[in-house]
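Step one of this worksheet: look at the structure below.
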Amino acid sequence: MSLLLIFVISIAGILLGKYIFKAWFNHLSLYCIIMGGLIFLYELKFLPYPDIIPLAWFFIISAFLSLLLGILTIVSARNLYDKDNALSQKSEVSLTIFADGGKALKYSILFFSLIGLFVALHRWVVLIDMFGSVGAVFLKAGVVYRLNVEGEIKEFIPILPSFVYIAVFLSGIYTAYKGRFSFLSFFPILCIILKELTYFGRGEMLFSSMEFLFTFLLFRILLRNDTFKRFKFSYKNAYVALTIFLLFLVTAASLVRTSRGVKENFHGASKELRQLEDSMILSPSVYLYLSSDVGVFSKYLELEKEEAKFGQNSFRIVYDLFSRLKIFEKTAFFQRGYFIPMWTNTGTYIREIHSDFGAAGVFLGPYLFGLLITWLWFRFYEKRNLLVLVFLVYLYIIIGFSFLTMVTRLNQWIFSQVLLIAYIPILEKIASRKSVAKT
């Protein structure tokens, strides 16, 4: 498909999202950026990728149109009942969570971040005990990665690592409320990065960064609509803080890449890509990571070699539970890989829903997703309920990961969401009681 056509369709989708939701940040625009960007990068062919087969194009386009139809269904239903857009009129923003000036929110972030820091330090102690020193751990990065994949390095308490994601979510709200970035904004993610260096993986770095960013942006849209304009935001502070954080994040991800000995000299790479072999930000392996998944999806459809039980990938945690009860065999964590001609194994979220539910899933899944996420969007901005925001953010994370995989297969997507749903009402009660005590 022409690069120009991909670009035009993506821009049109972004503008349509802005028109529908009255904000630049919305799920339709995000989907167009993520999936449109993936396909655009693939079609640049900086690596000798094979052409996407017609069936893959059909499913990619169908999934997008189904998502769009789901969005328009909710918007049309609201128009029938003459409901205004939730952001069309300004009103006073008053939330229980801020009743004490944000103190309970601040201390909650610190508490759950410290749990994350404890988890990270404990894992480092275990690895240093196994290999002798920090340097030895990095020298044996490939071995450490394999041991983690095989589950040989056990967690202190299995669910404990998920608690830090409560802090990530709350730090997004707190940063939006305060109108400026601070150390507290990034402390939870830094703890996760420290822990991820013991896995030599990058998935949780990406997951936590998305959770923070999506929470922050969605909540800023709400505060921006306040009648009294009390929640001003410092853009200068944001530029400086985000630049420093991105440099740190890129450095950590690059350290993981180099420690694991990831190959940068790909056979058949274009001259432009070969010039980036020493780059920390956009190296050939990063280009592969950001562009290859649609090719894997195409190859998966072409070879037709995979079989999966109903919902096995999308609801992997359920099958893991059944495997512990000896009802099913334990499912593999990593998907089957393909050579395109470089080996890679993630093939976009469309591969997962096609494998789990067949062709019908590619049409029905995005449509139902579009219905739900659009309903939650309007519900949050009308009711201003933080539990609704939790569901909304975690659905946005599905879009954020759509170029890679169906993120619902990851344990932290389930566990951290459940913990947040349990803790938000507690936090609101604490903030409310502190406010009463002060008066």
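The values are calculated or read from the model by the stated rules, or taken from the named source; none is laboratory data. Quantities reported herein were computed from a predicted structural model and do not represent experimental measurements. Every residue, glycine among them, receives a Cβ derived from its backbone with ideal geometry; neighbour counts consider all protein chains shown. SASA here: full protein model, heavy atoms, side chains in, ligands and nucleic acids out. Shrake-Rupley method; radii C 1.70, N 1.55, O 1.52, S 1.80 Å.
Of note:
- Residues that are at negative phi and either open to solvent by 30 Å² or more (accessible area, probe 1.4 Å) or touching a strand residue (DSSP E or B) at 6+ places or on another chain (Cβ under 7 Å) (or both), drawn from segment 38-52: 40, 41, 43, 44, 46, 48, 50, 51
- Of all residues in segment 362-403, those satisfying the criterion of being closer than 16 Å to residue 61 by Cβ, more than 19 Å from the chain's Cα centre (by Cα) and open to solvent by 10 Å² or more (accessible area, probe 1.4 Å) are 363, 364, 367.
- Residue within segment 421-436 that is free of Cβ contacts under 8 Å to residues at least 60 places away in the same chain, surrounded by fewer than 22 Cβ atoms within 10 Å (Cβ to Cβ) and hydroxyl-bearing (Ser, Thr, Tyr) present: no
- Matching entry among 361, 365 (being of a type in the set (Gly, Ala, Ser) and touching a residue at least 24 places away in the same chain (Cβ under 8 Å)): 365
- The residues of segment 172-199 that are β-branched (Val, Ile, Thr) and either assigned to a helix (DSSP H, G or I) or modelled with pLDDT of 90 or more (or both), listed by number, are 173, 175, 189, 192, 193.
- Considering (1) in a loop (DSSP other than H, G, I, E, B); (2) out of contact with any strand residue (DSSP E or B) (no Cβ under 6 Å at 6 or more places or on another chain), the lone condition that residue 97 does not fulfil carries the number (1).
- Just one residue in the set 208, 182 is surrounded by fewer than 19 Cβ atoms within 10 Å (Cβ to Cβ) and free of Cβ contacts under 8 Å to residues at least 60 places away in the same chain; that residue is 182.
- In segment 336-352, the qualifying residues are those that are in contact (Cβ under 8 Å) with a residue 60 or more places away in the chain and surrounded by 21 or more Cβ atoms within 10 Å (Cβ to Cβ), and the one that is farthest from residue 414 (Cα to Cα) is 340.
- Single unsatisfied condition, residue 302 versus (1) free of Cβ contacts under 8 Å to residues at least 24 places away in the same chain; (2) more than 23 Å from residue 413 (Cα to Cα); (3) assigned to a helix (DSSP H, G or I); (4) open to solvent by 50 Å² or more (accessible area, probe 1.4 Å): (1)
- Within segment 54-91, tally of residues that are surrounded by fewer than 19 Cβ atoms within 10 Å (Cβ to Cβ), modelled with pLDDT of 90 or more, within 26 Å of the chain's Cα centre (by Cα) and farther than 24 Å from residue 40 by Cα: 3
- Any hit, segment 211-220, residues being open to solvent by 10 Å² or more (accessible area, probe 1.4 Å), more than 30 Å from residue 144 (Cα to Cα) and assigned to a loop (DSSP other than H, G, I, E, B): no
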